[in-house]
Amino acid sequence: MSFAGTVGIQFTNCSQNIEISHCDIRIPYVSDASYRGISVENTNTLANLRILNNRIDGGYYSIYIYGSSNSTRNTDIVINKNNIINGWAQGIYTYYTNLITVNNNYITQYSGSNNYFYGMNFNSSYASELCKNKIKIDYYTQYGIYGNGFGGASSASRLLIANNELILNV
């Protein structure tokens, strides 16, 4: 199998009301952070993005969603039922992002990676549900689900983390 290019699907600056569904996205297996399956880099906000039922194979980041600040957060993001395989360093990465659900995803690490691996890495982000995901990591230093400044939007809107399967082997 041969690959070309660095980003499968990319959005910048004020994208909204988008659904990515039933796509087969293949990115090279490399240790370069510019290689991404789906990439969102905003200096403004992204709203209402749904990533559903896709196969994302490879990339340093398989899904990368980056908001520029607390006041310009990405909002109403759904990441459900994706097969995210062979990521080099991170399956799902978010920063300054408000997620609705991250459910029923299958995530694995590329067997040739000599890098730490985060199945899901949420930074300065909020979510409502993180359920029924399966994360299988077999190599190097591993984090199934990692959160830094991550949780529910408020005490009345708590984050539910339930029924996830995390398989971490060395």
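The values are calculated or read from the model by the stated rules, or taken from the named source; none is laboratory data. Computed from a predicted structure; not experimentally measured. Cβ: placed from backbone, ideal geometry, glycine included. Neighbour counts: every protein chain shown. Side chains included, ligands, DNA and RNA excluded: accessible areas come from the protein's heavy atoms. Shrake-Rupley method; radii C 1.70, N 1.55, O 1.52, S 1.80 Å.
Mind checking whether some residue in the range 102-120 is farther than 21 Å from ASN42 by Cβ, touching an Asp or Glu at 6+ places or on another chain (Cβ under 7 Å) and not small (Gly, Ala, Ser)? Taking every residue of the range 102-120 in turn, at least one turns out to be farther than 21 Å from ASN42 by Cβ, touching an Asp or Glu at 6+ places or on another chain (Cβ under 7 Å) and not small (Gly, Ala, Ser). For LYS136, the requirement of being open to solvent by 50 Å² or more (accessible area, probe 1.4 Å), in contact with a Leu (Cβ under 9 Å, 6 or more places away or on another chain) and of a type in the set (Lys, Arg) is met. With respect to THR12, determine if the residue is more than 16 Å from the chain's Cα centre (by Cα) and polar (S, T, N, Q). So THR12 passes the test. Right, ASN163: surrounded by fewer than 16 Cβ atoms within 10 Å (Cβ to Cβ), modelled with pLDDT of 95 or more and in contact with a strand residue (DSSP E or B) (Cβ under 7 Å, 6 or more places away or on another chain) or not? For ASN163, the condition - surrounded by fewer than 16 Cβ atoms within 10 Å (Cβ to Cβ), modelled with pLDDT of 95 or more and in contact with a strand residue (DSSP E or B) (Cβ under 7 Å, 6 or more places away or on another chain) - is met.
Within the range 27-37, can one find any residue that is open to solvent by 30 Å² or more (accessible area, probe 1.4 Å), free of Cβ contacts under 8 Å to residues at least 40 places away in the same chain, polar (S, T, N, Q) and closer than 26 Å to ALA162 by Cα? Checking the range 27-37: not a single residue is open to solvent by 30 Å² or more (accessible area, probe 1.4 Å), free of Cβ contacts under 8 Å to residues at least 40 places away in the same chain, polar (S, T, N, Q) and closer than 26 Å to ALA162 by Cα.
Only residues that are touching a Lys or Arg at 6+ places or on another chain (Cβ under 9 Å), surrounded by fewer than 17 Cβ atoms within 10 Å (Cβ to Cβ) and either outside any strand (DSSP E or B) or charged (D, E, K, R) (or both) were counted in the range 51-75, giving 2.
Note on the range 135-158: residues that are hydrophobic (A, V, I, L, M, F, W, C) and either in a strand (DSSP E or B) or at pLDDT 95 or above (or both) amount to 4.
Taking the range 101-118 as the range and being assigned to a loop (DSSP other than H, G, I, E, B) and not polar (S, T, N, Q) as the test, the residues that pass are TYR110, GLY112, TYR116.
Looking only at residues in the range 38-50 that are open to solvent by 40 Å² or more (accessible area, probe 1.4 Å) and assigned to a strand (DSSP E or B), the one that is nearest to TYR60 (Cα to Cα) is GLU41.
Within the range 55-104, the set of residues being basic (Lys, Arg) and either at pLDDT 95 or above or under 11 Å from the mean Cα position of the chain (by Cα) (or both) comprises ARG55, LYS81. When TYR126, TYR110 are checked against the criterion of being in contact (Cβ under 8 Å) with a residue 24 or more places away in the chain and closer than 17 Å to GLY144 by Cβ, TYR110 stands alone in meeting it. Out of ASN98, ASN86, one residue alone is open to solvent by 20 Å² or more (accessible area, probe 1.4 Å), closer than 22 Å to GLY152 by Cβ, part of a strand (DSSP E or B) and out of contact with any Pro (no Cβ under 9 Å at 6 or more places or on another chain). It is ASN98.
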